[in-house]
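Some notes on the structure that comes next.
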Amino acid sequence: MTAPVLVTGAAGFIGHATAHRLLDRGERVIGVDIVNDYYDVALKEARLATFADRDGFDFHRIDIADADAVAALVRDHRIRRVVHLAAQAGVRYSLENPFAYERSNLAGHLSVMEACRHAPGFAHLVYASSSSVYGDRPMGGAGFSEDEAATDPVSLYAATKRACELMSQSYARLYGFPQTGLRFFTVYGPWGRPDMAYFGFTQKIMRGEPIEVYGEGRMARDFTYIDDIVDGIVGALDHPPAPGGHRVLNIGDSHSVGLMEMIETLEHAIGREAVKVMRPMQPGDVTATYADISRLNALTGYKPKVMLAEGLARFADWYHDFYRINARG
Ligand SMILES: NC(=O)c1ccc[n+]([C@@H]2O[C@H](COP(=O)([O-])OP(=O)(O)OC[C@H]3O[C@@H](n4cnc5c(N)ncnc54)[C@H](O)[C@@H]3O)[C@@H](O)[C@H]2O)c1
């Protein structure tokens, strides 16, 4: 029997969806998460509850910064493939609680790499990085390319994600196990994260409360639907680099959408206009993101399928059902 895949951050937005996809194709999955209270714990618990009737899923509530616990898990379950998504996410919170990023992102990444390097015949570590490593850019430029140096992060969050990539590069050279870092671009969709703009906007628009539009609306993001992201993660997992290889790949939708256009699309999906309060840009935020996805496409055939209007409509439906708020019409 093939060894299970370890998915860290399995109670999180992307980890939950990735674990389900792996189970769908008949893999066994060991899920790990500390289920912290960075955002609504009830949402994380609800995501975990969706695994209750799934065969082949085994959950462990551990802190990935605990190197011994991670090593024991990898050893005991003879793990050969890891999708490492647990992290302290969020740009703005990194100004408030920088040490959470040190522990979950730096110590956590190191624990995972250490466990992988001691696993005999280890096959592939796929881990989450972020478009934030590219730093700030004006709107309307070319797609971000993996060839860029990415040496000017504007938040501690971005700096820790870039640091993880460099740590992985050193471990690839030192110990030779295959690794892929995926630079995610603004992932959205059902079961998403309440700290992200589209989520908070939905809540407020449905309740008829005003929304705060940062950067006076002059920002743009490459919004990527959750199912497309999972396609890319699983595709990358199935195409490891040769032993000793480490690469970073963009994984986005490859369309940069202005914040005001996103809000309009959301208003349409919800069927109600937003009351908008314009606010200046916040420290740590970047102006625009836009992914060049040609490398991941060439490697795995990755092609995002879900357009923003469709994805936000699916999100609004999920939100409505999940929170039972009847605010339409
Ligand atoms: N969602 C996005 O748009 C986006 C964009 C760029 C990068 N990323 C990265 O993708 C990954 C997944 O993001 P997400 O959106 O699913 O975030 P998420 O916050 O929903 O999931 C992360 C999970 O990791 C867990 N976690 C945090 N610290 C931990 C620790 N020390 N030990 C064990 N578990 C811990 C949290 O409890 C959470 O459930 C993260 O690495 C994030 O930085 C996400």
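Any read-out appearing in this document is the output of simple, stated calculations on the displayed coordinates, not a laboratory observation. Remember, predicted model here, so these are calculated numbers, not experimental data. Cβ placement follows ideal geometry from the backbone for every residue including glycine, while neighbour counts extend to all protein chains displayed.
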Under 16 Å Cα to Cα from residue 276, which aspartates and glutamates show up? Leave out anything in the same chain fewer than 8 places away. 209, 212, 216, 261, 264, 267
Counting residues in the chain as N, plug N into 2.2 N^0.38 Å and put the Cα Rg over that result. 0.96
Residue-averaged [θ]222 nm for the chain, counting only DSSP H segments that reach four residues, each worth -39500 (n - 2.57): -11500 deg cm²/dmol
Compactness summary of segment 47-206: radius of gyration and Dmax from Cα atoms, Å, are 17.2, 52
For residue 274, what residues show an amide H to amide H distance below 5 Å, using hydrogens built from the backbone and excluding near sequence neighbours? none
Which of 64, 34, 251 moves the most in a Gaussian network model of the chain with Cα springs under 10 Å? 34
Neighbour-count ranking [beta-carbon atoms within 10 angstrom, fewest first] of 222, 231: 231, 222
The percentage of Cα-Cα pairs in segment 23-124 separated by more than 18 Å is 53 percent
